[in-house]
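Structure record follows, encoded as structure tokens.
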Amino acid sequence: MRDVSIIGIGQTIVGEHWDKSLRELGYYALAAALKDAKLARVDALYVGNAHSGALSDQENVGAMIADFAGLRGVEALKIEAAGASAAAAMRLGYIAVAGGLCDFVACVGVEKMTDQQPSTQESALAMSADGDYEAMQGLTTVSLNALLMRRYMHEYGYTKADFAPFAVNAHANAINNPFAMYRMNISPKQFAEAKPLADPISMFDSSPVADGAACVILAPSALAREFTDRPVRVRASAVATDTVGLHDRRDLLSLDGAAWSAQKAFAAAGVNPNDIDLFELHDGFTIMSALSLEAAGFAARGKGVELALNGEIRLGGRIPITTMGGMKARGNPAGASGLYQIVEAVEQLRGEAGANQVANARLAMTQNIGGSGATVVTSILERI
Amino acid sequence: MEVARFWRTNKQRYQLVGEECPHCKGKIFPPRDICPTCDKEAKVPYVFSGKGEVFSFSTLHQAPAGFERYAPYTVALVKLSEGPMVTAQLTDVDANDVKIGMPVEMVTRVLREDGERGMLVYGYKFRPA
């Protein structure tokens with residue numbers, strides 16, 4: 001197997017892009033990454049996208065983006081893994097480059113969500129859940145996460161206000177990210193008074209629906225320095241799965257898929273949680289942040305919220321998370337978010353994170369989750 | 001949506017028909033053919049009692065397409081007395097009175113409707129027992 005590095009990154013601002021279509025967003029991120037890597041063409045294009053069928057009446061998105069980007073004839077495929085689609089696209093690119101089948105692969109995550117009404121968005125998002133036994137009962141992504149959060153609070157004795165640090169930290173970090181959707185602080189008081197969506201989840205527990213696209217270019221590490229002075233090595237790329245339905249979980253408050261995915265990645269990289277300098281986790285909801293910290297081994301069971309309350313998730317803390325705003329404040333264009341996480345981790349490892357720079361960052365971990373813990377993609381990246 | 005999709009799961013939605021594993025006697029709902037406890041094939045039908053208790057719950061305000069007219073409504077994970085967990089709406093109860101551990105029982109109700117001329121889909125909900 002060949003060693004793989006990231007030689008280029010690109011992203012669009014996350015937001016409500018009423019004047020831009022799915023294909024334009026995907027192309028802009030791809031073009032930015034190609035320019036960053038000083039490349040004109042790639043051997044393959046893998047496009048992560050979760051909702052083009054339900055929200056844009058468009059499938060065949062791999063060919064669509066390739067055509068619009070002028071890459072006529074190139075190998076191009078769409079990869080769907082719900083909210084983990086973007087990181088799954090990078091996983092496919094990693095397999096292709098590590099396996100020696102391709103030298104240069106562009107991995108794009110793109111999502112266009114804001115053309116549709118909220119009820120249509122909820123239905124599309126609920127397709128990540130169990131169609132026959134969750135969505136059929138009227139459950140939504142928000143309410144499924146609310147079931148997790150209620151039970152978590154019940155078993156461990158936390159209050160709703162205890163989850164505030166996840167959202168407050170994300171917003172504080174987004175201020176310095178020019179690509180973020182909500183570049184403003186929120187206070188614990190604002191968090192406590194936010195509009196309820198599905199109790200105990202309110203507006204500031206939940207990441208916003210958005211449009212956006214992000215891209216990385218992968219290449220064999222042996223060729224990387226011909227294209228960039230600051231290649232970032234992919235030390236591990238791992239996928240694991242768990243039951244799609246929450247009712248089928250072995251243990252509701254243990255994200256087994258996230259734990260297995262993280263353990264595979266740690267084993268492949270030969271490192272452990274103490275070696276990781278920052279963790280771009282899946283903060284679609286505050287409860288997902290808590291459960292992810294526990295599953296990946298950064299906090300003991302029931303202690304994910306305590307880690308946040310102790311300030312350890314902030315820049316300068318023991319394990320900084322959502323360092324550029326996370327899904328909460330950078331915004332969550334579902335099938336694109338996993339590549340925003342990876343682009344931001346590369347910025348940190350290149351030393352390009354500006355005011356949010358994690359000092360001496362050498363190893364970054366990203367974890368992208370599809371559904372409420374069903375498909376989990378973990379990557380470990382290294383500054384070389 | 002097409003009729004066959006709902007017919008396929010009528011037994012589950014009307015009667016809570018799951019499975020019993022012939023090897024370890026574990027009870028399974030929803031049916032999944034491979035026993036999650038012992039990983040062996042399990043296809044023996046088993047009718048659940050419909051009794052259980054609330055394991056977690058939430059009242060949601062933003063409903064998906066097909067459910068808008070029912071919002072806000074309360075959803076729950078119900079732990080059936082035979083062991084498995086089921087995801088369902090709660091009914092015949094004030095949202096403020098729902099508690100974790102509350103005993104509930106299955107009833108049959110309209111779940112959704114696909115527009116004025118579309119199908120009515122019936123299925124299980126749970127009410128205080």
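Annotations
- Ranked from largest, the principal axis spans of the Cα set of chain A equal 54, 45, 39 Å.
- Helix screen, chain A: no DSSP H segment has Cα axial length of 30 Å or more and mean Kyte-Doolittle hydropathy at least 0.5.
- Build a GNM of chain B with springs between Cα atoms under 10 Å apart, and of B:TYR46, B:TYR70, B:TYR14 the one that fluctuates most is B:TYR70.
- Region A:84-173: trypsin sites (Lys or Arg not before Pro) in DSSP loop, at most 12 other beta carbons within 10 Å: none
- log₁₀ of I(q)/I(0) at q = 0.10, 0.16, 0.20 Å⁻¹ - region A:251-370, Debye sum with one point per alpha carbon: -0.26, -0.70, -1.15
- Region A:163-251 shape via C-alpha gyration tensor axes, a/c threshold 1.5: oblate
- Rounded if a/c under 1.5, otherwise prolate or oblate - region B:3-128, Cα gyration tensor axes: oblate
- Computed with every protein chain present, the accessible area of A:TYR46 is close to 10 Å² [probe 1.4 Å].
- If R0 equals 30 Å, the separation of the Cβ atoms of A:GLU75 and A:MET1 corresponds to a calculated FRET efficiency of about 0.90.
- A crude spin-label estimate for the pair B:GLU68 and B:ALA95, with each label 7 Å from Cα along the Cβ direction, gives 1.8 nm.
- The modelled label-to-label distance for the pair B:SER49/A:ALA161, using points 7 Å beyond Cα in the direction of Cβ, is 4.2 nm.
- Applying the criteria of a DSSP loop state and at most 12 other Cβ atoms within 10 Å to the trypsin sites (Lys or Arg not before Pro) of region B:51-122 yields B:LYS99, B:ARG117.
- Net length gained if the chain between A:ARG250 and A:LYS38 were fully extended (0.36 nm per residue, minus Cα distance): 71.5 nm
- Solvent-accessible surface ranking, highest first, for A:TYR156, A:TYR133, B:TYR122 at 1.4 angstrom: B:TYR122, A:TYR156, A:TYR133
- A:GLY325 sits among other residues whose Cβ lies under 10 Å from its own Cβ, and their net charge, with Lys and Arg +1 and Asp and Glu -1, is +1.
- Calculated FRET efficiency, A:ARG230 to A:THR114, Cβ-Cβ distance, R0 = 30 Å: about 0.30 to the nearest 0.05.
- Spin-label proximity, A:ARG301 to region A:144-161 - amide N less than 19 Å from point 7 Å beyond Cα toward beta carbon: A:148-158
- Table column - 3J(HN,Hα) (Hz), region A:308-317, Karplus curve with 6.51, -1.76, 1.60, x for Gly and Pro: 5, 4, 7, x, 6, 8, 7, 4, x, x
- Helix-only [θ]222 nm of chain A, DSSP H runs n ≥ 4, -39500 (n - 2.57) each, per residue, nearest 500: -10000 deg cm²/dmol
The values are calculated or read from the model by the stated rules, or taken from the named source; none is laboratory data. Only a predicted model underlies this, so the values are computations on that prediction, with no experimental measurement involved. For neighbour counting, all protein chains shown are included, and Cβ atoms are generated from backbone atoms with ideal geometry for every residue, glycine included. What goes into the accessible areas is simple: the full protein's heavy atoms, side chains included, and nothing from ligands, DNA or RNA. Shrake-Rupley method; radii C 1.70, N 1.55, O 1.52, S 1.80 Å.
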